[in-house]
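Since every read-out is calculated from the coordinates, none of them should be taken as a lab result. This structure is a prediction, so every number in the text was calculated from the model and none was measured.
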Amino acid sequence: MNSIISSILSSLILVSACINMLPEKIQPFYKVIPLYVEIFLISLLLFTRLGNYNTFAALFCIFINLFFLQTHIFSSCIFAFSGYIISVTLNYICLMFAYLFFNINIMELNLFYSNLFSIFFFLLSYCITYLLGHYIKKNIYKFSLNRKLVFLIFAFVSSCTIIFIFNFTSGERLGYPPNVLVINSLLFLAYFTLTGALLYFIVKTVNKAADEKRKIAEYENLRDYTKNLENLYQQMRSFRHDYLNILTTMDCYFEQNDYSGLDTYFHTKILSTKDQFTNSTLSLGTLGNLHVLELKSIIYQKLMFSSSQCLHMEIHIPEVIDTIPSMDSMDLARVIGIFLDNAIEAAAETDEKTLFCGILKDEDYLTIIIKNSCSTPISNLNHLYDTGYTTKRDGHGIGLPNAQKILSRYPNVLHKTNCHDNYFLQQLKLPEKYSSKGKRVHSSAV
């Protein structure tokens with residue numbers, strides 16, 4: 001019975017420390033229950049034979065489960081294994097404090113007090129990893145590491161985990177000698193602090209470089225935007241000059257009552273001027289009302305891309321937009337970029353090939369509407385935001401769960417999704433003033 005209790009506590013400590021640190025919350029919770037059961041059985045069956053070396057089997061089991069439960073396996077394992085390292089470091093610190101302040105050696109305690117210590121340690125480990133994991137879930141979307149760096153960090157954290165397991169197990173077999181316990185505790189704490197600081201600065205440096213790259217891309221987009229505006233202005237000047245000549249020529253046909261010649265002239269000379277201004281160039285003018293550079297850059301980029309895909313994209317911004325209320329402008333640009341990517345891909349598969357992006361402002365809300373033609377009816381819109389779900393034929397969706405993760409940080413932003421009459425609609429309403437009553441709504445097809 002005591003071995004069962006010990007196995008339950010050890011499995012709770014290990015699994016909770018790993019799961020709490022994951023950047024993507026596992027939902028619903030029942031998906032995690034089999035993992036607890038598996039780790040419990042590993043602890044119960046292998047502990048008497050292998051001691052704490054059974055942790056290798058337990059962590060490998062966690063790795064296999066995360067392969068099915070998480071989108072990015074290596075990134076998830078980095079945080080899960082970090083949870084184990086945090087747990088071991090906390091264990092050493094607790095053992096050191098118990099010895100230094102209460103002169104208690106955990107190896108000399110009976111099973112009852114040992115389990116009591118395990119319960120206390122489980123609560124401490126759970127609270128700390130939960131708080132750290134909560135911070136990660138709120139901020140991890142900012143990290144955009146390349147695969148090579150993620151794999152290198154994974155290899156580094158895995159190596160640290162192996163060292164921790166050997167050290168922890170050796171200390172247990174030696175009975176945690178007081179001098180070794182204190183030295184190991186200080187070394188583990190220093191090692192963990194320095195490693196965490198190193199990883200933090202690596203991520204910060206890489207993301208700073210990514211931000212610089214993004215700013216360069218924004219600058220190039222705005223430079224192209226300005227150049228196209230200048231071309232549009234020259235076209236308008238040329239058209240204005242030609243317009244007077246057109247009226248003079250038409251007047252001659254009217255004076256001679258040559259309606260047949262007028263008809264020919266209209267269809268051959270005048271009607272052809274309708275192609276002088278494309279949808280993309282006409283939309284450049286309305287983009288001038290958008291003064292938020294991050295948002296203007298991403299919409300302009302998608303406008304040019306949709307034009308290259310032969311889509312009819314219309315942009316409607318009737319009033320000047322100087323600021324973005326209730327939401328960070330970079331976060332909004334990322335969400336709109338994801339929505340437009342999906343809209344362009346869906347519209348390209350239809351005969352209409354139409355796409356609309358509107359930004360409207362009133363006293364209460366800034367409303368952003370993205371509407372596109374679609375060929376595939378969607379019965380349950382809520383599934384669009386589930387990780388791994390896609391309606392694409394090739395099996396690869398585009399970032400809607402990431403958009404949902406960003407929007408979850410802004411509960412006052414209203415998000416509405418509709419699909420009706422072969423048109424798909426995304427709508428964001430950003431209140432000018434914060435309202436705690438705001439919530440996101442994923443409407444079903446109407």
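Taking one quarter of the surface of the convex hull spanned by the alpha-carbon atoms of the range 59-135 gives a direction-averaged projected area of 6.2 nm².
List the pairs from K25/K137; K25/K405; K25/K213; K361/K416; K138/K296 whose alpha-carbon separation is above 19 Å, in the order I gave them. Among K25/K137; K25/K405; K25/K213; K361/K416; K138/K296, the Cα-Cα distance tops 19 Å for K25/K213; K138/K296.
By how many nm would the segment from S170 to L124 lengthen if fully extended, with 0.36 nm per residue of separation less the alpha-carbon distance? Don't skip to the end; give the middle numbers.
Values: separation 46, 0.36 × 46 = 16.56 nm, distance 2.35 nm.
14.2 nm is the gain from fully extending S170 to L124.
Pairs of C-alpha atoms in the range 1-53 farther apart than 11 Å represent 70 percent of all such pairs.
Every Cα-Cα pair in the range 1-124 was counted, and those over 21 Å apart are 41% of them.
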